[in-house]
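The values are calculated or read from the model by the stated rules, or taken from the named source; none is laboratory data. Worth saying up front: this structure is predicted, and the values here are computed from it rather than measured. Note: ideal-geometry Cβ built from the backbone for every residue, glycine included; neighbour counts use all protein chains shown.
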Amino acid sequence: MDVITRPADDLTDEQREWQMKARRFAREEIRPISLARDAIEGPGAAWDWEIIRKGSQLGFRTAVVPKEWGGHAIDFVTQALVMAELAKGDSAISKAFSQNWKWGHLIAGACTNEQKERFLRPFVADDTCVLGFGGTEPNAGSDNRYPPEDDPRAGMRLGAERRGDEWILNGEKTFIANGGVGRLFFVGARTDPDVPVTEGTTVFMVPVGTPGFRIGKVFNKAGWRFYQNAELVFENARLPHANVLGEVNGGTRARQKGGVAEFNDFELACNALGVCEDACESALARAKSERRGGKPLLDQQGVQMKLSEMHMLTEALRSFVMRIAREIDRGTHDPVNVVLLMNYSSDVIQRVSTLNLRIHGAAGGVTNTHAEKLVRDAIIWTHLAGDTSQRLKVIRRLARRAGAAGRGY
Ligand SMILES: Cc1cc2nc3c(=O)[nH]c(=O)nc-3n(C[C@H](O)[C@H](O)[C@H](O)COP(=O)(O)OP(=O)(O)OC[C@H]3O[C@@H](n4cnc5c(N)ncnc54)[C@H](O)[C@@H]3O)c2cc1C
């Protein structure tokens, strides 16, 4: 898996160590089980606690939790390296670890010390504790993140009503990652349905076992089969007020403070980079080993063009990812660019994984082969953390800035 060489001299020793640790884990532990787990039939059945436990013991589950709470507080450059390396082993397993990192970011940004004691301490202590975030509902997906402006009808409807020191939640979330395996969910609920979703939402911390809260259907996905997605059902679920994250109706602000949406976008681009590297290496190996027309595929110009495009796009994605990672670490990044990065990664992963499939010929389309799995996994990027087309609305922010600068648009 080392075909693509990259300069490492701009990494610190610590960053390089994390990268190597992730690479070894991906090669020795993740890749050997990847296709077999993916092939297991049935919704949610591909999940494997053993790999989660092993990765957790190496620090991948708690990588971004602040050190004073027992985590590793790795910076964004290291996060990018680790996610990409793990994704080269299996992108769904990589995501199963990094999904927990939102907690590390949220906790630092939005939780009280009392909440950290109740939720963060047990999370860090238990190798099998994984977390989730519930925003999407059957009738509210990308418009949670990019609602039509000033329209209270858009966005989530799961409702929360206050009764004394408790909140009663009713409604349903869908496609929630780690549903069925998670111990604690951050859940967005509408606490004021008469104002836009960005102003009338509160985030609650919902531990498994909360009265009135249960897991519904687990989805049988085409890609990222290891990663479990399920419905979260709330039927008069009762939560103490102490489980509110940040302020009532301040859910969007709390998530912004915790950098949730931004981390989502960054995370998916890093993961896509790993998949693209993997696809490049897989295509190159195939092109070297197969002969057509009396010579290796690699010597055929048509194949060279495909390989060249794959490498070019992957290298461009790497540059974009690492630039953004460094900028976030320095606090100089433009949030608009993080959104554009995610969309770019979504385009690149589709193209690179498809070119890999084509270089494999008919063999690439056989069910449960590596090339075919990468294409199935890549499809997932179109509807993650919002929606790729909806995310284009970020252009509104650029237009506003251009207008404010008096340049028009
Ligand atoms: C693997 C996976 C993991 C996920 N994990 C989570 C999770 O942990 N937590 C969570 O909350 N969600 C999760 N989701 C859900 C994800 O966030 C949503 O799928 C995503 O936000 C898009 O929402 P949707 O699927 O409802 O599509 P929609 O938003 O309904 O979009 C469907 C189509 O309609 C278009 N469209 C929608 N609105 C408009 C509009 N106003 N104008 C024009 N076109 C429009 C979109 O562009 C898209 O093409 C996950 C999804 C997947 C696939």
If residue 94 satisfies every condition in (1) modelled with pLDDT of 95 or more; (2) more than 16 Å from the ligand (Cβ to nearest atom); (3) among the polar types (S, T, N, Q); (4) outside any loop (DSSP other than H, G, I, E, B) but one, which is the exception?
(2)
All but one of (1) under 21 Å from the mean Cα position of the chain (by Cα); (2) touching a residue at least 40 places away in the same chain (Cβ under 8 Å) hold for residue 238; which doesn't?
(1)
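Name the residue, out of 323, 255, that is among the charged types (D, E, K, R) and in contact (Cβ under 8 Å) with a residue 60 or more places away in the chain.
255
Considering 108, 140, which residue is within 16 Å of the ligand (Cβ to nearest atom) and among the aliphatic types (A, V, I, L, M)?
Of the residues listed, the single one that is within 16 Å of the ligand (Cβ to nearest atom) and among the aliphatic types (A, V, I, L, M) is 140.
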Which of the residues spanning segment 213-232 are among the hydrophobic types (A, V, I, L, M, F, W, C) and within 14 Å of the ligand (Cβ to nearest atom)?
215, 218, 219, 222, 224, 226, 230, 232
Filter result (modelled with pLDDT of 95 or more and in the same structural domain as residue 372 (by TED's automatic domain parsing)) within segment 224-265:
none
Determine the pairs where a residue that is of a type in the set (Lys, Arg), located within segment 125-154, has a partner that is part of a strand (DSSP E or B) with Cβ atoms under 6 Å apart, the partner being 6 or more residues away or on another chain.
none
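To keep it simple, each residue is scored yes or no on (1) closer than 30 Å to residue 149 by Cα; (2) among the aliphatic types (A, V, I, L, M); (3) in the same structural domain as residue 74 (by TED's automatic domain parsing).
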site	(1), (2), (3)
300	no, no, no
310	no, yes, no
323	no, no, no
340	yes, yes, no
346	yes, no, no
354	no, no, no
387	yes, no, no
393	yes, no, no
397	yes, no, no
Which residue is surrounded by the fewest Cβ atoms within 10 Å (Cβ to Cβ), if the candidates are limited to segment 42-90 and must be small (Gly, Ala, Ser) and touching a Ser or Thr at 6+ places or on another chain (Cβ under 9 Å)?
70
Residues of segment 50-72 classified as in contact (Cβ under 8 Å) with a residue 24 or more places away in the chain and either in a helix (DSSP H, G or I) or among the hydrophobic types (A, V, I, L, M, F, W, C) (or both), total:
13
Among helices (runs of 4 or more DSSP H) entirely inside segment 289-400, those with 1 or more residues being more than 15 Å from the ligand (Cβ to nearest atom) and buried (at least 16 other Cβ atoms within 10 Å of the Cβ) are 301-330, 335-359, 370-379
Yes/no for residue 291 being over 24 Å from the mean Cα position of the chain (by Cα) and either acidic (Asp, Glu) or at pLDDT 95 or above (or both):
no
